[in-house]
Amino acid sequence: MTRVIEACDLSKAYGDVQAVDHVTLAVKEGALFGLLGPNGSGKTTMIRMLTGQTRPTGGEASVLGIDVVKDPVGVRKRVGIIPEQETPPSFLTAIEYLKFVAAVRKIPDIGKKADWWFDFLDFADKKDVLCKDLSRGTRQKLMFTQAFIHEPALALIDEPLINFDPIMQDLVKDYLADYVKKGRTIFISTHILEVAEEICSEFAILHKGKLLHAGPIAELKERGEHLPAFFLSLVRKDHHV
Amino acid sequence: MFELFTSMVREEWRVHSTMFGSLSFALFPFLIFGIAFMGSFLIPLVAKTLPVGNLSIIVHANYLMLGLMVGGFGMLGNEVMNRRFGQASLLAYSARSLPLSERNIFANFVVKDTVYYFFLWVFPFAFGYILASPFIHVPLASALFLLLTLTLSFLFGLCGVFFLSTVYAWSKPIFWLFLLLLGIGFGGIMATGMNPALLFPPLLLHDEFSWTNLLLSCIVLACLFIVSLRLFNPESVGSEKKYKDSFTPLLQRLSALPNSPLAAKDMIDLYRSGSMIGQTIFSFIVPLVVIWFFLSLLGRFFPPHALLFLYAVTTGVIASTMYTWVTMFDNFGPYACLPVAVSTLITSKLATFTILQIIPAVFIAVVAGLSGEAAYLIPAVVLGIAVSFYAVSIMAWLCGLSPDVLVYDVKVLFVYLILVGIVITVFSAVSFLNPYYALGAVILAVPAWIFVQKAKVRWDAVDPAGF
């Protein structure tokens, strides 16, 4: 199966802090891949490097066959991204923001697609509200919409369910599961292990910037192990080393 | 109360120092000190053509301007911080989480700005002059006195802009009525043949000390501060503003521009944030009107047409700061999920900046007409706009998308002052010789273009996750 993400010896240092330390990773097409790790383990830095938002200080990576250092804009053209904290521009309304995204991405006739998303994520009543006045949950809905509105072959999402209520979490989990069934790929980073175990097909564990483990969830299940227990034992062991 | 004040000072320091390193920022007052100290030795030379009294007018005008700028930025601080640091918020906007009233916090905020920027800008400058005074035969008492009058000038700017912006937010008709009355007052004073700038209290005080003048200055400042505090009415939390789609029609209108979606977004940001009108008034027209009054005092020391060209150059430099109007609400963050490079953003910001240049062009044309120099309207406009584009290209090269932040980096400010200073000196002198030589300023398009290209390459190579 085609590899949509390939990282080889990827590293990122911020001064003396090694945020990501020689990580080698591959994600196959059609996977729902979960990058797991405690706070500060390097998950967000990893997503930033893979989407060309920040440059690696070592190693190399390609996404959908595009080198993330040589052509970061080319990568962002092909993928959908939901950053963990970024919010949409303050003074555009929700619908204007989607039209802005469509204009930048050169997507024609955004109207019907936007309406579908407003209905699907249940925020049609907020379409004319300024982004700065939206609640965090609604902003997350908007960011989710902008990441998927062009139906990318690969979506990279930093903490996909953060700020969503339980009903919305359920809806989004189903959407992600259906999305990969169509042959597309999703890469999420999260520290909510139960969610990862429920929806991911493959996972990797990052701790203090280092890759501790990578493999399919099915392997764990075959061994009768649960992801949270496996994660905790690995991270605690590494912590003592 | 005092804890909030000290926390705000610490916060201001950290906002600045974390952006480009504590040491680099800590050197900033030393740069100001150095400029003042070394510049003081030029006073005996300059005094041969320009009396010391007029030099003090220029210095006081600069500190008045500085107060206006600091006040203007303070009113927009939270929005700027949120765009630059994501979820970050200033203590000044923390009334929701602290058991303190908005007014109490605002009062602390103004006092913090006064103390902080006094030590950043006012004290180092005055101290440089004080230390140089024995060498240039200026009485120490007179040099020390400058510290007081410069502080007052700065406070007039700071409290003035707080006052105007709170009146503007409180009631727009009263704001415009107030400006009208102010204009009539100025017109009345000018009709008597007197320049209103001469009635500026710190200048009156500087020219001749009197306890009455000092008391008068303090009373005016206290009035501005108290009225601002009384009128201060923060926008209610949780309000939802709805707008019809303006993006689509604007996108069509701007379709000729490169990266028109980005330019359309910038224009909407400017308009809906209130910056378009607010910045035009507080960061452009008010400072330039003030400068005009001060510059016109120097008229008898220059050739007849020179004042217009000096003013056009000044307008050009101030117009170049419009680049900060379009960059202050954005860092790269909101674009990080889109296929947009930093260089593309710089290009689009410069396109929006180009649209805004209509304002200085019209302004210079009006000034040329009003000052009876309409014959030189075209060269004056060309000079002003050329300087503006040249200065903004330097700004884009040195600061990328963060000019309002990196201006406090000593190295950046130094290079900017040198590169812009040389050019404005040369073109001012050239236009003094012959007004039509000012048309030669179009040549500045060449270095401006080169600097923009260098800016794109430079900032594409820098990790955009910074700031």
Inset, instruction - Just give me the residues in segment A:135-161 being open to solvent by 10 Å² or more (accessible area, probe 1.4 Å), out of contact with any strand residue (DSSP E or B) (no Cβ under 9 Å at 6 or more places or on another chain) and in contact (Cβ under 8 Å) with a residue 24 or more places away in the chain, in sequence order. - result: A:Arg136, A:Gly137, A:Arg139, A:Lys141
Inset, instruction - Taking only segment B:329-379 into account, find how many residues are aromatic (Phe, Trp, Tyr) and within 10 Å of another protein chain (Cβ to nearest Cβ). - result: 3
Inset, instruction - Inspect segment B:362-370 for any residue being in contact with a Lys or Arg (Cβ under 8 Å, 6 or more places away or on another chain), modelled with pLDDT of 90 or more and under 22 Å from B:Met276 (Cα atoms) and give the result as yes or no. - result: no
Inset, instruction - Give just the number: which of (1) open to solvent by 40 Å² or more (accessible area, probe 1.4 Å); (2) within 14 Å of another protein chain (Cβ to nearest Cβ); (3) within 30 Å of B:Leu158 (Cβ to Cβ) does B:Ile285 not satisfy? - result: (2)
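Can you give me the number of residues within segment A:162-176 that are among the aliphatic types (A, V, I, L, M) and open to solvent by 10 Å² or more (accessible area, probe 1.4 Å)?
Result for segment A:162-176: 4.
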Inset, instruction - Name the one entry in A:Leu130, A:Leu121 that is within 9 Å of another protein chain (Cβ to nearest Cβ), open to solvent by less than 10 Å² (accessible area, probe 1.4 Å) and more than 20 Å from B:Pro339 (Cβ to Cβ). - result: A:Leu130
Legend entry - Single residue of A:Val73, A:Val101 found to be open to solvent by less than 10 Å² (accessible area, probe 1.4 Å) and either touching a residue at least 24 places away in the same chain (Cβ under 8 Å) or not charged (D, E, K, R) (or both): A:Val101
Legend entry - Count of segment A:21-58 residues which are within 14 Å of chain B (Cβ to nearest Cβ) and in a loop (DSSP other than H, G, I, E, B): 8
Legend entry - Wholly within segment B:172-231, helices (runs of 4 or more DSSP H) carrying at least 2 residues that are crowded, with 17+ Cβ neighbours inside 10 Å: B:201-207, B:211-231
Inset, instruction - Tell me, please, whether a residue that is within 14 Å of chain A (Cβ to nearest Cβ) and buried (at least 19 other Cβ atoms within 10 Å of the Cβ) can be found in segment B:430-437. - result: no
Inset, instruction - Sort out which residues of segment A:54-70 are surrounded by 22 or more Cβ atoms within 10 Å (Cβ to Cβ) and over 25 Å from A:Val172 (Cα atoms), and write them in order of number. - result: A:Thr54, A:Pro56, A:Ala61, A:Val68
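Say whether the condition of being closer than 15 Å to B:Gln357 by Cα and touching a residue at least 12 places away in the same chain (Cβ under 8 Å) is met by at least one residue in segment B:296-313. Before the answer, list the steps.
As a first pass, look at segment B:296-313 and keep what is closer than 15 Å to B:Gln357 by Cα: B:312-313.
Subsequent filtering for residues that are touching a residue at least 12 places away in the same chain (Cβ under 8 Å) retains B:312-313.
Yes; the residues of segment B:296-313 include at least one that is closer than 15 Å to B:Gln357 by Cα and touching a residue at least 12 places away in the same chain (Cβ under 8 Å).
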Inset, instruction - Identify, by number, the condition in (1) under 23 Å from the mean Cα position of the chain (by Cα); (2) of a type in the set (Val, Ile, Thr); (3) open to solvent by 30 Å² or more (accessible area, probe 1.4 Å) that B:Thr344 doesn't meet. - result: (1)
Inset, instruction - Might you let me know whether segment B:261-269 holds any residue that is open to solvent by 20 Å² or more (accessible area, probe 1.4 Å), aliphatic (A, V, I, L, M) and away from chain A (no Cβ under 14 Å)? - result: no
Inset, instruction - Could you look through segment A:84-95, keep only residues that are touching a Pro at 6+ places or on another chain (Cβ under 9 Å) and of a type outside the set (Ser, Thr, Tyr), and pick out the one that is modelled with the lowest pLDDT? - result: A:Glu86
Inset, instruction - Restrict the check to segment B:151-159 and report whether at least one residue is open to solvent by 50 Å² or more (accessible area, probe 1.4 Å) and not aromatic (Phe, Trp, Tyr). - result: no
Inset, instruction - Can you work out which of the residues in segment B:290-330 that are among the polar types (S, T, N, Q) and open to solvent by 20 Å² or more (accessible area, probe 1.4 Å) is farthest from B:Tyr376 (Cα to Cα)? - result: B:Thr324
Legend entry - Failed item, numbered, when A:Ile95 is tested on (1) surrounded by fewer than 22 Cβ atoms within 10 Å (Cβ to Cβ); (2) within 7 Å of chain B (Cβ to nearest Cβ): (1)
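Is it true that A:Ile167 is at pLDDT below 95 and within 12 Å of chain B (Cβ to nearest Cβ)?
No; evaluated as a whole, the condition is false for this residue.
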Inset, instruction - Quick one: which residue in B:Leu203, B:Leu177, B:Leu147, B:Leu182 is more than 22 Å from the chain's Cα centre (by Cα) and not assigned by TED's automatic domain parsing to the domain that holds B:Phe294? - result: B:Leu177
Inset, instruction - Filter segment B:399-414 for residues that are out of contact with any Cys (no Cβ under 8 Å at 6 or more places or on another chain) and either of a type in the set (Lys, Arg) or touching a residue at least 24 places away in the same chain (Cβ under 8 Å) (or both) and give the result. - result: B:Gly400, B:Leu401, B:Ser402, B:Pro403, B:Asp404, B:Tyr408, B:Asp409, B:Val410, B:Lys411, B:Leu413, B:Phe414
Legend entry - Selection from segment A:68-89 of residues that are over 17 Å from the mean Cα position of the chain (by Cα), more than 7 Å from every other protein chain (Cβ to nearest Cβ) and in a loop (DSSP other than H, G, I, E, B): A:Val69, A:Lys70, A:Asp71
Legend entry - Single unsatisfied condition, A:Gln18 versus (1) open to solvent by 30 Å² or more (accessible area, probe 1.4 Å); (2) in contact with a Gly (Cβ under 6 Å, 6 or more places away or on another chain); (3) within 14 Å of chain B (Cβ to nearest Cβ): (3)
Inset, instruction - Please specify each residue of segment B:239-260 satisfying the condition of being at the interface with chain A (Cβ under 8 Å from one of its Cβ atoms), modelled with pLDDT of 90 or more and not in a loop (DSSP other than H, G, I, E, B). - result: B:Phe247, B:Thr248, B:Leu251, B:Ser260
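Do any helices (runs of 4 or more DSSP H) entirely within segment B:382-467 hold 2 or more residues that are out of contact with any Phe, Trp or Tyr (no Cβ under 8 Å at 6 or more places or on another chain) and modelled with pLDDT under 95, and if so, which?
Correct list: B:410-433, B:445-461.
The values are calculated or read from the model by the stated rules, or taken from the named source; none is laboratory data. This structure is a prediction, so every number in the text was calculated from the model and none was measured. When we count neighbours, we look across all protein chains shown, and the Cβ atoms used for this are built from the backbone with ideal geometry, even at glycine. The protein model used for the area step is the full one, side chains on, heavy atoms only, and it has no ligands, DNA or RNA in it. Shrake-Rupley method; radii C 1.70, N 1.55, O 1.52, S 1.80 Å.
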